[in-house]
Structure formats: C-alpha cells, structure tokens
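Structure, as structure tokens:
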Amino acid sequence: MTFEFTPAAERALVAAAAWTSCDDAGELQVPEVLLGLLAEPECRSALLLAARGIRYHPLFTFKELRPDTREVVSSDGAAHQVDLLIAVPPHRAPEVVRSSPLLGVSGFVHVDARTLETDHDGVYAIGDVATIRLPNGKALPKAGVFAHAEAKVVARRIADAADGTTSEAAFDGKGYCWIELGDGRAGFAGGDFYAEPDPTMRMRRPGRPLHWGKVAFEKWWLHHWL
C-alpha cells in the first residue's frame, strides 16, 4: 500500500489529545500546502484528523502573518484569526549552498538516487540539503532515517575511493517512522520508497508498545550521539 501521512497531521493529533483536557479547547485546524495523494480528502492524514474533529486544509497557501490582529492570511486574501499559531518556516538550503553551482532547480542539491553523487565528480550531498526524485516523480521525504542511511553509503564510497577500489555501496531508499497519535499510542510504518510505480509502505496497528518503542529509540539516539 502507499502510505500518506504528514508531520503537521501528527503534531495536530498530539495537540488535540493535550487540549481535550481543557475546559475550552476551541477548534484545531491544520493548513498546509500539499499536492497529489496527500491533498485528497480520503488520504490517511485527512481521515485520522477528521476522526478527532480536526479540520484539514491540504491546499492552504500562506501569504502573510498579521501579529497585531492575530490573523493568518492565505493567498486568496482570506484572513483567519487564531489564538495560537504553530508554524514551520519555509524549508530551504543554507545560503552557502544556494550561492554555489551545486544548487538545482528544486532549490536543493540534486543527487544520484543510488550513489548520492552530485553532477560534480567526487562531490556528494546527503540529508535535507539533497533532493532525490522517486520513480513516481515526487521527491524523497526529508527525514533523519534517510540521512543516516545516506551517510553510511557516502562514507563507504569515499573510503573505497581512497583505497583505490570500485565501490558497490548504494542507497536503497528504504525507511521507517513512528507516528504519534497523542493518546499514549503510536503507529509504525516502514517500506521501500524506491518501489515502482509508487513507494510501498506497511503500517503496524497503533498501540502503546509502539509509543514506548519510540521513546526507547529516542533515548538510544540521545545517549549515543549527544
């Protein structure tokens, strides 16, 4: 199956669970700009949010913020008043990359899907600064699980080059993530993003053990890398 879910939807579920204990929780809405399957009302994000009474606006285009009146203005000129705004700034490559010849038309560094090499021999890009086009024409999501796997591939290829050997190291496009539902439960999804014609993902039924599995995973990372 193709798995469709967004970080904004996950955070809305967590917020909704926290606000249900309030006397006046108000209305929670999720506006974001999405295309393709994620913009359909039947996608997984929309269905999960609707079940919690959260309004979902997948084609919302942000224009400006009016702090004095606490309004968010969309591209069509409509102003929406809010009590609390949780927003993510535009995602873009750092200036040092944007001003270099490495920058692609997407605003990020285009790399080979398997080797992660740029158009410049011996130059690699990984993580959020890189962009990889999937078989369905969309871009590989920017997530830590991919950056970690990509780093291993590039490190191996550089080491092999230093040894004068031909490297067979390649990124396989596989990844996974936990999905917090905000009520002490979490889901888990993993699969092959390089599958054709679309990524194939399998999601495990949400439960409390998966939530605690995510907590343990975070603690492992904090202990080993920070």
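The values are calculated or read from the model by the stated rules, or taken from the named source; none is laboratory data. All values derive from a computational prediction rather than experimental measurement. Glycine also receives a Cβ, built like all others from the backbone with ideal geometry; neighbour counts cover every protein chain displayed.
A few points about this structure:
- Of the residues screened, residue 168 is not one that is of a type outside the set (Gly, Ala, Ser) and either surrounded by 14 or more Cβ atoms within 10 Å (Cβ to Cβ) or assigned to a helix (DSSP H, G or I) (or both).
- Residue 212, sole failed condition from (1) touching a Lys or Arg at 6+ places or on another chain (Cβ under 7 Å); (2) closer than 25 Å to residue 12 by Cα: (1)
Condition check ((1) in contact (Cβ under 8 Å) with a residue 24 or more places away in the chain; (2) over 27 Å from residue 53 (Cβ atoms); (3) assigned by TED's automatic domain parsing to the domain that holds residue 147; (4) among the aromatic types (Phe, Trp, Tyr)) across all residues:
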| residue | (1), (2), (3), (4) |
| --- | --- |
| 178 | yes, no, no, yes |
| 193 | yes, yes, no, yes |
| 196 | yes, yes, no, no |
| 200 | yes, yes, no, no |
| 205 | no, no, no, no |
| 217 | yes, yes, no, yes |
| 226 | no, yes, no, no |
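- Filtered residue count, region 101-118, keeping only those that are exposed (fewer than 13 other Cβ atoms within 10 Å of the Cβ) and without any contact (Cβ under 8 Å) to a residue 12 or more places away in the chain: 1
- Any hit, region 149-156, residues being touching a helix residue (DSSP H, G or I) at 6+ places or on another chain (Cβ under 9 Å) and farther than 27 Å from residue 9 by Cβ: yes
- Criterion violated by residue 90 - all others in (1) within 30 Å of residue 123 (Cβ to Cβ); (2) modelled with pLDDT of 85 or more satisfied: (2)
- Only residues that are surrounded by 12 or more Cβ atoms within 10 Å (Cβ to Cβ), charged (D, E, K, R) and part of a loop (DSSP other than H, G, I, E, B) were counted in region 186-226, giving 1.
- Inter-residue pairs, beta-carbon under 7 Å, first over 16 Å from residue 143 (Cα atoms) and not assigned by TED's automatic domain parsing to the domain that holds residue 178 and in region 1-13, second in a helix (DSSP H, G or I) and modelled with pLDDT under 70, 6+ apart: 2/37
- Breaking point among (1) touching a helix residue (DSSP H, G or I) at 6+ places or on another chain (Cβ under 9 Å); (2) in contact (Cβ under 8 Å) with a residue 24 or more places away in the chain, for residue 92: (2)
- Across region 171-185, the qualifying residues are those that are outside any loop (DSSP other than H, G, I, E, B) and modelled with pLDDT of 90 or more, and the one among them that is surrounded by the fewest Cβ atoms within 10 Å (Cβ to Cβ) is 176.
- Tallying residues that are charged (D, E, K, R), more than 17 Å from residue 84 (Cβ to Cβ) and modelled with pLDDT of 75 or more within region 43-69 yields 2.
- Comparison of 129, 145 shows that the only residue that is in contact with a Pro (Cβ under 9 Å, 6 or more places away or on another chain) and either free of Cβ contacts under 8 Å to residues at least 40 places away in the same chain or aromatic (Phe, Trp, Tyr) (or both) is 129.
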